[in-house]
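The values are calculated or read from the model by the stated rules, or taken from the named source; none is laboratory data. Predicted model, so just to flag it, every value in this text is computed and none were measured. Positions of Cβ are backbone-derived with ideal geometry, glycine not excepted, and every protein chain shown enters the neighbour counts. Please note that ligands, DNA and RNA were not included when accessible areas were found on the heavy atoms of the full protein model with its side chains. Shrake-Rupley method; radii C 1.70, N 1.55, O 1.52, S 1.80 Å.
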Amino acid sequence: MRGRKGLDSTSAFIYFSFALIIIFFGGPAIWVFSLSLRVPAEIFAFPPRIIPSIVAWWNYMDVWRLSDMGLYMYNSFKIIFFTVFGVLLVAVPASYAYSRFQFRGRQSTLFGLLVFQMISPLVIAIPLYRYMDQMGLLDTHIGVIMVYIAVQIPFTTWLLKGFFDSIPRSLDEAAMIDGCSRYSAMVRVVAPISAPGITAATIFNAIMSWSQFIIPFILLTRSHNFPVAVGILHFQDVTTETQLHLLAAASVMAMVPPILIFIGLQGFVVKVLISGAVKG
Amino acid sequence: MSAVARTGRALREKPWLWLLPLIIIVGIFYLYPVLDVIRLSFTNAHLLRPQYIYTLRTYERLFVSPGFMHMMRVTFIFVFASVVFQLLLGLVIALAVQAGIKRGLRGTVLTRTVVLVSWVIPGIVIGLIWRLLLSTSSFGIINYILYLIGLERVPFLYVPGLALFSVTLANIWRGTAFSMLLQYAGLQRIPEEFYEAATVDGAGTWQQFRFITMPQLRPILFLNLVLITIYTFNTFDMIMSLTMGGPGRSTEVISLYAYTTIWRQLNLSGGAAIAVFLLAINVITTLVYYLLHRIGAEQEVE
């Protein structure tokens, strides 16, 4: 047997593959971060350097000052806030019912929700564009928020149902024997215990809504209404090659919020996703 | 009242009030649009003209058009290559991370985190990032690396075949994290005793992989395969910012094709028919996923 101390050849091989993995997956974001800190002249310098000779951190202030990125971020936060709230309002009671009640159509509607989760939002965006137009909701935040909620409901319902399933029914029954109604059993007993699941659902909804592109891209037309994902595409269209440092800085700003949330809660989020996707 | 009677009452309770908000929202914003897109696909509707008649001509015209066949070929290459490499790369990384944890190597969690981060970056930003990386200007780091090994500059985004390669590469980068996560979860569910017993019997690393890891992992590999196939078919945002479907229509996968048909050519019924085609792919693949999932769950119970 090989010694535990010192670097045996297998460990060396694993370290080598770690290095390749980190370069391939971490490299692109680091390169864009590096581009975002350059003065325009250095963007086109040859050979390129990862650490710029002048660290132009003020590029970020320029983006904030000269572009609408701040407004796009505000729009994203606003849309996400109402989406997350609305999704929980709908999905918590529904997933409780799926977890606790036996009824006709339970299996088939659960399967239906799974199908909805897998359908490309582009499919529903086509007719929604027409209704929103007819109802005067095209280009409004309330219109897109309703669709964001609908898009997130299937996934959230499945996730929360899994959480409720893992809580013993005897707890609800004990509460009901003590005089609670079904509703207060859920609110007072089951919901607090499943707080981790509800938190995880909220984080997922926030990250996925931050990335949501098709729905706002089709249902919003005026740039002052855009969330970050659509706004940055618009920003790309209006920037020239000499403003690449600003585009890079804007890209970094668009990816930092989900990355920070994700890294902060990685262990927790990974565990929940695994249990959701594998066990269901 | 006894607990048994209570449970009896629970079974008789009506779930519909609890499900009502979901039924309303999903009905209005999901089910109805889905039915409506199917209806529209059987018309000759134009985006800016409200009147239309019902017809099958839209489908007839769609299936014989050269653009459709081309789009199917592009989509198939994109999905096939993405799925194969996401699956393989995800498996390799999951194995490396697991081996790192078993051996207590430093940097294991860092490696896992770096891979997973690519998965929470918005697709639209991923397209922008790869556009910068693959540029032929001096800030295009990939061409600089090729230059360092003594190769010519490659116009990744300006030649049809290369553009399809680039879009697929970026999508592999994006989707491997999810694939890795599922397979890592699968690896952790294999009991350690299996490996211990195999070691006692004198099985080598390759034999352990071949006769323990692969058979145990198979159900999750299948689930993973189906899920990433669905996600890849639905790809839209990343390609939109990376190539916008170009040059020409060389990277126009099915969802972009539906989009351009409706919002560039204003052909509402034609775009709806393509969307129905995508919908059919989504539904069939989900059905496969569901069946695999149930088989997996039943085996678990046994």
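If you go through the range A:80-101 and keep only what is at pLDDT below 90 and either under 24 Å from B:Tyr289 (Cβ atoms) or among the basic types (Lys, Arg) (or both), you end up with A:Ser99, A:Arg100. The residue that is most open to solvent (accessible area, probe 1.4 Å), counting only those in the range A:8-22 that are of a type in the set (A, V, I, L, M, F, W, C) and within 7 Å of chain B (Cβ to nearest Cβ), is A:Ile22. Scanning the range B:207-246 for residues that are under 17 Å from B:Tyr257 (Cβ atoms) and free of Cβ contacts under 8 Å to residues at least 60 places away in the same chain yields B:Asn234, B:Met244, B:Gly245. Would you check if there is a residue in the range B:114-136 being in contact with a Phe, Trp or Tyr (Cβ under 8 Å, 6 or more places away or on another chain) and at pLDDT below 85? Looking through the range B:114-136, at least one residue is in contact with a Phe, Trp or Tyr (Cβ under 8 Å, 6 or more places away or on another chain) and at pLDDT below 85. Pick from B:Gln188, B:Gln183: which is among the polar types (S, T, N, Q) and open to solvent by 60 Å² or more (accessible area, probe 1.4 Å)? Answer to the selection: B:Gln188. Note on the range B:151-171: among residues that are over 22 Å from the mean Cα position of the chain (by Cα) and more than 14 Å from chain A (Cβ to nearest Cβ), the one that is surrounded by the most Cβ atoms within 10 Å (Cβ to Cβ) is B:Val154. Screening A:Glu241 with (1) within 10 Å of chain B (Cβ to nearest Cβ); (2) in contact (Cβ under 8 Å) with a residue 40 or more places away in the chain; (3) open to solvent by 20 Å² or more (accessible area, probe 1.4 Å) gives one miss only, at (2). Annotation: of all residues in the range B:32-50 being among the hydrophobic types (A, V, I, L, M, F, W, C) and more than 8 Å from every other protein chain (Cβ to nearest Cβ), the one that is least open to solvent (accessible area, probe 1.4 Å) is B:Ala45. Could you list, in sequence order, all residues of the range B:47-61 that are over 17 Å from B:Leu279 (Cα atoms) and either outside any strand (DSSP E or B) or within 31 Å of the chain's Cα centre (by Cα) (or both)? Selection gives B:Leu47, B:Leu48, B:Pro50, B:Gln51, B:Tyr52, B:Ile53, B:Thr55, B:Leu56, B:Arg57, B:Glu60, B:Arg61. For the range B:191-208, filtering for residues that are open to solvent by 50 Å² or more (accessible area, probe 1.4 Å) and of a type in the set (Phe, Trp, Tyr) leaves 2.
As for the range A:140-147, it holds at least one residue that is surrounded by 23 or more Cβ atoms within 10 Å (Cβ to Cβ) and facing chain B (nearest Cβ under 8 Å). Taking the range B:88-102 as the range and being surrounded by fewer than 21 Cβ atoms within 10 Å (Cβ to Cβ) and either within 13 Å of the chain's Cα centre (by Cα) or in contact (Cβ under 8 Å) with a residue 40 or more places away in the chain (or both) as the test, the residues that pass are B:Leu95, B:Gln98. Considering every residue within the range B:15-29, establish whether at least one is open to solvent by 40 Å² or more (accessible area, probe 1.4 Å), touching a Leu at 6+ places or on another chain (Cβ under 8 Å) and either of a type in the set (Asp, Glu) or closer than 19 Å to A:Val87 by Cβ (or both). Yes, the range B:15-29 contains at least one residue that is open to solvent by 40 Å² or more (accessible area, probe 1.4 Å), touching a Leu at 6+ places or on another chain (Cβ under 8 Å) and either of a type in the set (Asp, Glu) or closer than 19 Å to A:Val87 by Cβ (or both).
Residues are listed down the side, and each one gets a yes or a no for (1) touching a Gly at 6+ places or on another chain (Cβ under 9 Å); (2) β-branched (Val, Ile, Thr); (3) within 18 Å of B:Gly127 (Cα to Cα):
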site: B:Ser241; (1), (2), (3): yes, no, yes
site: B:Tyr257; (1), (2), (3): yes, no, yes
site: B:Trp263; (1), (2), (3): yes, no, no
site: B:Thr286; (1), (2), (3): no, yes, no
site: B:Leu292; (1), (2), (3): no, no, no
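Would you confirm, using the coordinates I've provided, whether B:Ile228 is of a type outside the set (Gly, Ala, Ser), under 28 Å from B:Leu157 (Cα atoms), assigned to a helix (DSSP H, G or I) and within 19 Å of the chain's Cα centre (by Cα)? Considered against the rule, which asks whether it is of a type outside the set (Gly, Ala, Ser), under 28 Å from B:Leu157 (Cα atoms), assigned to a helix (DSSP H, G or I) and within 19 Å of the chain's Cα centre (by Cα), B:Ile228 comes out as yes. Here B:Tyr257 qualifies as more than 10 Å from every other protein chain (Cβ to nearest Cβ), part of a helix (DSSP H, G or I) and at pLDDT below 95.
Reported count of residues in the range B:265-302, each being within 11 Å of chain A (Cβ to nearest Cβ), polar (S, T, N, Q) and more than 18 Å from B:Ile230 (Cβ to Cβ), is 1. The set of residues from the range A:157-177 being more than 10 Å from chain B (Cβ to nearest Cβ) and within 15 Å of A:Ala91 (Cβ to Cβ) comprises A:Trp158, A:Leu159, A:Leu160, A:Lys161, A:Gly162, A:Phe163, A:Phe164, A:Asp165. Candidates in the range A:163-213 are the residues that are in a loop (DSSP other than H, G, I, E, B) and either within 30 Å of A:Met73 (Cα to Cα) or outside the structural domain of A:Met255 (by TED's automatic domain parsing) (or both); of these, the one that is most open to solvent (accessible area, probe 1.4 Å) is A:Gln212.
Residue-by-condition table, conditions (1) open to solvent by 100 Å² or more (accessible area, probe 1.4 Å); (2) away from chain A (no Cβ under 14 Å); (3) on the phi < 0 side of the Ramachandran plot:
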| site | (1), (2), (3) |
| --- | --- |
| B:Pro66 | yes, yes, yes |
| B:His70 | no, yes, yes |
| B:Ser82 | no, yes, yes |
| B:Gly104 | no, no, no |
| B:Leu128 | no, no, yes |
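Cβ separations smaller than 8 Å between residues 6+ apart or across chains give the following pairs from the range A:24-53 residues that are facing another protein chain (nearest Cβ under 7 Å) to residues that are exposed (fewer than 14 other Cβ atoms within 10 Å of the Cβ): A:Trp31/A:Ile50. For A:Phe25, the criteria (1) buried (at least 22 other Cβ atoms within 10 Å of the Cβ); (2) farther than 30 Å from B:Thr205 by Cβ hold in every case but one, which is (2).
Among the residues of the range B:215-237 satisfying the criterion of being more than 9 Å from chain A (Cβ to nearest Cβ) and hydrophobic (A, V, I, L, M, F, W, C), which is most open to solvent (accessible area, probe 1.4 Å)? Checking each candidate, the answer is B:Phe222. Within the set A:Leu66, A:Leu88, A:Leu71, the sole residue that is more than 10 Å from chain B (Cβ to nearest Cβ), under 28 Å from the mean Cα position of the chain (by Cα), open to solvent by 10 Å² or more (accessible area, probe 1.4 Å) and closer than 25 Å to B:Ser138 by Cβ turns out to be A:Leu66.
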